[in-house]
1. Those residues that are among the polar types (S, T, N, Q) and touching an Asp or Glu at 6+ places or on another chain (Cβ under 6 Å), I need them from segment 53-76; list them, please.
2. Inside segment 114-130, can you point out the residues that are of a type in the set (Gly, Ala, Ser) and either surrounded by 13 or more Cβ atoms within 10 Å (Cβ to Cβ) or part of a helix (DSSP H, G or I) (or both)?
3. Name every residue in segment 131-156 that is without any contact (Cβ under 8 Å) to a residue 40 or more places away in the chain and either surrounded by 14 or more Cβ atoms within 10 Å (Cβ to Cβ) or within 24 Å of Arg56 (Cβ to Cβ) (or both), in order of residue number.
4. Among the residues of segment 103-121, which ones are more than 23 Å from Ile44 (Cβ to Cβ) and without any contact (Cβ under 8 Å) to a residue 12 or more places away in the chain?
5. Would you mind finding the one in Gly94, Gly99 that is surrounded by fewer than 16 Cβ atoms within 10 Å (Cβ to Cβ) and within 18 Å of Val142 (Cβ to Cβ)?
6. Which residue is surrounded by the fewest Cβ atoms within 10 Å (Cβ to Cβ), if the candidates are limited to segment 44-59 and must be closer than 24 Å to Glu78 by Cβ and not aliphatic (A, V, I, L, M)?
7. Asn140 passes all but one of (1) within 29 Å of Ile34 (Cα to Cα); (2) outside any strand (DSSP E or B); (3) in contact with a strand residue (DSSP E or B) (Cβ under 7 Å, 6 or more places away or on another chain); (4) not small (Gly, Ala, Ser); which number fails?
8. Take the conditions surrounded by fewer than 16 Cβ atoms within 10 Å (Cβ to Cβ) and on the phi > 0 side of the Ramachandran plot and apply them to Gly39. Does it pass?
Amino acid sequence: MATRLNDGLPDTLRAVKSRPLFVMRLDVRPYQIIGGPDGALRRIGVVPGGVFEGERLNGKVREGGNDWQIVKADGKVELDVRLVLETDDGAMIGMTYRGIRRGPADVLKRLDQGEIVDPAAYYFRTNPIFETASSYDWLNGVLAIGIGNRTAEGVVYSVFEIL
C-alpha cells in the first residue's frame, strides 16, 4: 500500500508561518519605455522615495531606486527592483526583490491606466532580500514575501518575514 509523502510530516513542514515585517509605500514616476524582443516590453519605473513602517523598523525609502519590469504579451509583469531603505535611526539597508504581477487582462489594463483596483482581483507577489552592516543585520538572514497593490501614485506592499 502506497503512502503519501505528507503523511507523518511534522507541523513545521505542513504550513508556512510568517509575521509582519513592515508595510511600505513606494512613489513611482511614469515608466520609461525601453522596448523589447518577442512581444515583451521592457519598462523602468524610477522610485523617487517612499516610507516603510513596522514593529521592528521604520523609515524612508531613499531616492534612486529602480523597478525594472518586463511586460509579457499576456500582460504578466515580471519585476526586478533595487531600493535603499534608511531607518529612522539612520541605518542603511539594501532591499532587492523579484516579483510577479498577473491577472485578468481587463484588470491589468485598469491598473496600467492608474485606476484603483481591489488587490484581491490580481496576483502581485515579491520575494525581498536585505543587505546591511547595521544593527539591523538580522535582516541579512530573513526570507520575506511581499504582497503588493498598485496605485496611481506607486505601490503599497505588506512585507512578511517567513519563519
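1. Asn58
2. Selection gives Ala120, Ala121.
3. We begin by selecting, within segment 131-156, every residue without any contact (Cβ under 8 Å) to a residue 40 or more places away in the chain; these are 131, 133, 137-138, 140-141, 143, 147, 149, 151-152.
Within segment 131-156, Glu131, Ala133, Asp137, Trp138, Asn140, Gly141, Leu143, Ile147, Asn149, Thr151 meet the criteria.
4. Listed by number, the residues that qualify are Asp106, Asp118, Ala120.
5. Selected residue: Gly94, the only one of Gly94, Gly99 that is surrounded by fewer than 16 Cβ atoms within 10 Å (Cβ to Cβ) and within 18 Å of Val142 (Cβ to Cβ).
6. Restricting to residues being closer than 24 Å to Glu78 by Cβ and not aliphatic (A, V, I, L, M), the top hit is Pro48.
7. (1)
8. yes
None of the figures in this text is laboratory data; all of them are computed from the coordinates on show. Fair warning: this is a prediction, and the values are worked out from it, not measured in the lab. Positions of Cβ are backbone-derived with ideal geometry, glycine not excepted, and every protein chain shown enters the neighbour counts.
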